[in-house]
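The structure appears right after this line, and notes come after that.
The values are calculated or read from the model by the stated rules, or taken from the named source; none is laboratory data. None of these values were measured; they are calculated from a predicted model. FYI the Cβ positions are ideal-geometry reconstructions off the backbone, even for glycines, and counts take in every protein chain you see.
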Amino acid sequence: MSNSRIMTNVEKAEISTSTVWKDFLALIKVGIVNSNLITTFTGMWLAFYFTNTHFLNSLDIMFLTLVGSSLIIAGSCVINNVYDRDIDHLMERTKERPTVTGKINGTKASLLGLLMIAFGIIMLFMTTVTAGVIGLIGVFSYVVLYTMWSKRKYVSNTIVGSISGAVPPLIGWAAVDANLDIVAWMLFLMMFIWQPPHFYALAMKRVEEYRAADIPMLPVVKGFAVTKHHIVAWVAALLPIPFFLMDLGLFFFILATAFNIGWLALGLAGYKMKDDIKWSKLMFVYSLNYLTILFVAMVIVTVI
């Protein structure tokens, strides 16, 4: 009997630890942190490549950049969760966040978020001043310009939020080379342009949730027809980007162009599809694969 009780207590402790860890990952929006880590690494890797710097000689830079950028992204997401806890309970995908359920105290979470941002910024400044400044711009644009200012007021909130989502590759590059090359700015531009069609597609899927939370996303304010026009226009704006990345080789140029044309074709198909939600899901999934494959490909073509 005593052994049974000991096992039960151990199991309870394991469950409790697992729950706390799960809540922490939800608080920092680990999915966003991981996806941005890929683009940060790509920016840094390409800077190594184009400056003829071997990464093994810069392991300290890699550590400071990856950890520092992860901390500022995670910290910013924590602040976002705390600020939005009054509306997150209205949306299916956010109603279980620990800041909504009360599992994590808002004041403590805010302090944690600020500490993460502070340590992250310090680490980025330890690489180059440029990387630190870009990190600060990213935090300000996400926390202040997006979360606290535009998200609940303006239909352009997605475009404003795209600034912060586009800075990770710039941070990665700047940590290695403060003199930002045209390639670095193309990575920023690619990320900036990619986000509106990605999030508009998501907003179409979740339109009623955004409406309930009174968030003026484009599909809520302008409807699906206008949203389709915007999505197609943004995707079309990606078409010139590969021409500015020719230094990555012909294979990448062809791959990126093919993905751009494929996404545009899928976007145009939306004008004929009767099921708008099905189309938005296809566009959303395509956008995820688009970003992951192209940024991973950028690294691969510099290795082989």
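Taken over the range 42-64, the criterion of being in contact (Cβ under 8 Å) with a residue 24 or more places away in the chain and touching a Phe, Trp or Tyr at 6+ places or on another chain (Cβ under 8 Å) is satisfied by Thr42, Gly43, Met44, Trp45, Leu46, Ala47, Phe48, Ser58. Among the residues examined, Phe119 qualifies as within 19 Å of Ala74 (Cα to Cα), surrounded by fewer than 16 Cβ atoms within 10 Å (Cβ to Cβ) and touching a Leu at 6+ places or on another chain (Cβ under 7 Å). Scanning the range 196-205 for residues that are under 30 Å from Leu46 (Cα atoms), of a type outside the set (D, E, K, R), part of a helix (DSSP H, G or I) and in contact with a Gly (Cβ under 8 Å, 6 or more places away or on another chain) turns up at least one hit. Of all residues in the range 47-97, those being of a type in the set (Ser, Thr, Tyr), over 21 Å from Asn179 (Cβ atoms) and at pLDDT 95 or above number 3.
Of all residues in the range 83-136, those being in contact (Cβ under 8 Å) with a residue 12 or more places away in the chain, assigned to a helix (DSSP H, G or I) and of a type in the set (S, T, N, Q) number 3. If only residues of the range 221-271 that are part of a loop (DSSP other than H, G, I, E, B) and under 24 Å from the mean Cα position of the chain (by Cα) are counted, the one that is surrounded by the fewest Cβ atoms within 10 Å (Cβ to Cβ) is Pro240. Is the range 199-207 home to any residue that is at pLDDT 95 or above and over 25 Å from Asn34 (Cα atoms)? So far as the range 199-207 goes, yes, one or more of its residues are at pLDDT 95 or above and over 25 Å from Asn34 (Cα atoms). Report whether or not Thr127 is surrounded by fewer than 20 Cβ atoms within 10 Å (Cβ to Cβ) and polar (S, T, N, Q). Considered against the rule, which asks whether it is surrounded by fewer than 20 Cβ atoms within 10 Å (Cβ to Cβ) and polar (S, T, N, Q), Thr127 comes out as no.
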